[in-house]
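Below is one structure, written out as structure tokens; the observations come after it.
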Amino acid sequence: MSQYKIIFTGPVGAGKTTAIGSLSDVPLMKTDEAASDMTKERKAETTVAMDYGIMNINEGEKIHLYGTPGQERFDFMWDILTVGGIGLVLLLDNSRADPFKDLQFFLKSFAGFIQETGVAIGVTQMDVSTRPTIDDYHRQLKELDMSIPVFSVDAREKKDVSILVQALMFSLDPGIDEE
Amino acid sequence: MKSKPTDLLAVSLYGMDGRTHKTMTLFIQGPCKGVAKIVEEHEAEVDIIDADAIDARVTLDHCLARKPLRPIIVLSLEKLKIEHTIFVEKPAKTETMLAAFNEAKDTLKGKKKTPIKLIKPEEPIRAEVKVETAKVSKLKPSKEKQAPFELATEKKVFSNPLEQKKTAKHKAAMMINEQNFSSFIGIVKGVNFNDPEQWRNARYHTKQYYQGYVQSSIQVAYEKGQVIKLNSGWKPLIILPHSHELWLDADDKQLRAFAGVEVSSIPVSDVKVMTLSKVNPKEEGFSTELDKFQEMNAFVWKLACWTSKGRYPAVLSISEPIYLKQWPNFTRLVITPHAMRIAALLVVGPRSMLDIIKVLKVKPQYVFIFVSAAYAIGILGQSKRQADQIITAEVPAIKSVQKKSIFSRILNKLRGTDKT
């Protein structure tokens, strides 16, 4: 049976672990540890290896949900993680100092994978920091000649994460039957 | 020669703690002596706001709403571009501060000559609204919507608990499927969507509905950069352009009902009350009813859905290509059937509504309602380029049937588990 993965990435504290937890049908396998470096300023615990969840789709078929470690020192794992991936969910924390820098960093880091598959962007913490706006993100993406879904997301809300993943599926193939 | 006390510019300070207030007072009394004086809020001719204060946004909104004609000097460590304000970078230097005062004086003089005319509540604005509606429909795709309040460095706008609560209540998406489309959206009489010959008749003029008035009023609020109230003879709608929100004392059921009523069918005596007026937050008392605030695009989107009921805006052609500037922020909108598929198809390249119906094999009303809503929030338009009529973007080819199948199953899973 084929193994399919959806990869969740983004900076520390953007909500990757929570988003995977929102969709997973099994308890999340977390590899969070107490943060010991500057990461602790943003969250007490951080993912040092990866998060893993499962979405059961039918008759034993599973979609594996992987979250990349937020810290850049683990970026050597990203290439391995994306093998067999069907798409990327990029979560960005709007309250960070420079969300556009994060956007560019992750799009560049996963450029090859995105080229092969697709990406959908969820912007978290928009209730804490209303700027940049979703339109601002689109303007940034336009400069990179990219037209991809960018949504406000509360990673704790299953519906938000679900809509983001649905948009990823449709951006991969608008012809998918919906109902 | 010293200026006479009567020539002194009366200024009021906002968003400053005791120490900063005192420093600023000394600065105005010292280096800026003879030019300005600190007075109480109600006596001031000019407002000075510390934009680095955590509640700067609220303060600015308050100042704009209360005295739209009063010049505002904004102080900040970061370079800000805020329409209708005079910017002074911190640390404030005497020269720049004096220049700002002079600019404020000039503005005051200019405004005395040509005051911005606001429409009085009693004054019917029907003709004016029509003009503004025309402006909205003429917006060109290449024109980026100018944000009137460009606080690029602003990180935490809503810092007090009241504002935080208001923001948090923004509604999440609502997914409408084919089964509940008619009950949620409504039915259009007189159009048989099963007959392709009748599709061209499934159009509506936004100007003839509440939607058109709302869009025009929003346009006016942005152009003037001030809080405006639309008095429609129904429920007052307050437009807050700086926070990109609206306030309406009505629930969705009431809005849906009113959205479908043609304004031309309302008796003339009632139409007369469709006016715009400036807003005094203290008198209106709207700021305390936080649950009635709605995000601007989410509101306009659903209003367009309920006005359209499966029809398309008459200003668009169903046989000419249309383009989508960007994906709608679907997590905060009403998601009509196939809306995401249509968006995914359109961001690839322009194509006509008729073509979308054919390629996606969906009912026309699902395409038309999406087009209406996306057009209403300014992210969709009719393509003007001749090349788009010749070259229609191809549907992105999916890698394999196996993958198509897995995507479909993922969707079914997601749709099955999060139906609302």
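Annotations for the structure displayed:
Yes/no matrix, rows are residues, columns are (1) of a type outside the set (A, V, I, L, M, F, W, C); (2) closer than 30 Å to B:Leu64 by Cα; (3) at pLDDT below 90:
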{"site": "B:Leu276", "(1), (2), (3)": "no, yes, yes"}
{"site": "B:Glu283", "(1), (2), (3)": "yes, yes, yes"}
{"site": "B:Glu295", "(1), (2), (3)": "yes, yes, no"}
{"site": "B:Leu316", "(1), (2), (3)": "no, no, no"}
{"site": "B:Leu324", "(1), (2), (3)": "no, no, no"}
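- The set of residues from region B:30-75 being farther than 25 Å from B:Lys278 by Cα and either among the aromatic types (Phe, Trp, Tyr) or in contact (Cβ under 8 Å) with a residue 60 or more places away in the chain (or both) comprises B:Pro31, B:Cys32, B:Val35, B:Ala36, B:Ile54.
- Taken over region B:356-389, the criterion of being more than 14 Å from every other protein chain (Cβ to nearest Cβ), buried (at least 20 other Cβ atoms within 10 Å of the Cβ) and among the hydrophobic types (A, V, I, L, M, F, W, C) is satisfied by B:Phe368, B:Ile369, B:Val371, B:Ala373, B:Ala376.
- Residue match in region B:46-59 (condition: under 33 Å from the mean Cα position of the chain (by Cα), over 23 Å from B:Glu245 (Cβ atoms) and among the aliphatic types (A, V, I, L, M)): yes
- Qualifying residue in region B:346-355 (condition: within 14 Å of chain A (Cβ to nearest Cβ), among the hydrophobic types (A, V, I, L, M, F, W, C) and buried (at least 24 other Cβ atoms within 10 Å of the Cβ)): yes
- Checking every residue in region A:129-138 against the condition of being assigned to a helix (DSSP H, G or I), over 22 Å from A:Gln166 (Cβ atoms) and at pLDDT 95 or above gives at least one match.
- Output for region A:165-178, where each listed residue is facing chain B (nearest Cβ under 7 Å), part of a helix (DSSP H, G or I) and either touching an Asp or Glu at 6+ places or on another chain (Cβ under 8 Å) or of a type outside the set (Val, Ile, Thr) (or both): A:Gln166, A:Ala167, A:Met169, A:Phe170, A:Ser171, A:Leu172
- Which numbered condition A:Asp25 fails, given (1) open to solvent by 50 Å² or more (accessible area, probe 1.4 Å); (2) under 13 Å from the mean Cα position of the chain (by Cα); (3) at pLDDT 80 or above; (4) not hydroxyl-bearing (Ser, Thr, Tyr): (2)
- For region A:59-66, the criterion of being more than 14 Å from chain B (Cβ to nearest Cβ), modelled with pLDDT of 90 or more and buried (at least 17 other Cβ atoms within 10 Å of the Cβ) is satisfied by at least one residue.
- Here B:Val74, B:Val58, B:Val46 are screened, and the one residue that is touching a Pro at 6+ places or on another chain (Cβ under 8 Å), of a type outside the set (S, T, N, Q) and either at pLDDT 80 or above or open to solvent by 20 Å² or more (accessible area, probe 1.4 Å) (or both) is B:Val46.
- Only one of the numbered conditions (1) surrounded by fewer than 18 Cβ atoms within 10 Å (Cβ to Cβ); (2) in a loop (DSSP other than H, G, I, E, B); (3) of a type in the set (D, E, K, R) is violated by B:Lys109, and that is (2).
- Only a single criterion out of (1) open to solvent by 20 Å² or more (accessible area, probe 1.4 Å); (2) of a type in the set (Ser, Thr, Tyr); (3) modelled with pLDDT of 90 or more is not satisfied by B:Ser265, namely (3).
- Here A:Phe106, A:Phe170, A:Phe110 are screened, and the one residue that is aromatic (Phe, Trp, Tyr), over 30 Å from B:Arg57 (Cα atoms), surrounded by 21 or more Cβ atoms within 10 Å (Cβ to Cβ) and out of contact with any strand residue (DSSP E or B) (no Cβ under 7 Å at 6 or more places or on another chain) is A:Phe170.
Results for (1) in contact with a helix residue (DSSP H, G or I) (Cβ under 9 Å, 6 or more places away or on another chain); (2) surrounded by fewer than 18 Cβ atoms within 10 Å (Cβ to Cβ), shown as yes or no for each residue.
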{"residue": "B:Lys224", "(1), (2)": "no, no"}
{"residue": "B:Gly233", "(1), (2)": "yes, yes"}
{"residue": "B:Ser243", "(1), (2)": "yes, no"}
{"residue": "B:Ala257", "(1), (2)": "yes, yes"}
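- If you go through region A:131-164 and keep only what is of a type in the set (Ser, Thr, Tyr), facing chain B (nearest Cβ under 7 Å) and free of Cβ contacts under 8 Å to residues at least 12 places away in the same chain, you end up with just A:Ser147.
- Scanning region B:367-381 for residues that are more than 26 Å from B:Asn194 (Cβ to Cβ) and either in a strand (DSSP E or B) or without any contact (Cβ under 8 Å) to a residue 60 or more places away in the chain (or both) yields B:Ile379, B:Gly381.
The values are calculated or read from the model by the stated rules, or taken from the named source; none is laboratory data. All values reported here derive from a predicted model rather than from experimental measurement. Positions of Cβ are generated from backbone atoms using ideal geometry, with glycine treated the same way; all protein chains shown enter the neighbour counts. Accessible surface areas use protein heavy atoms only, side chains included; no ligands, DNA or RNA. Shrake-Rupley method; radii C 1.70, N 1.55, O 1.52, S 1.80 Å.
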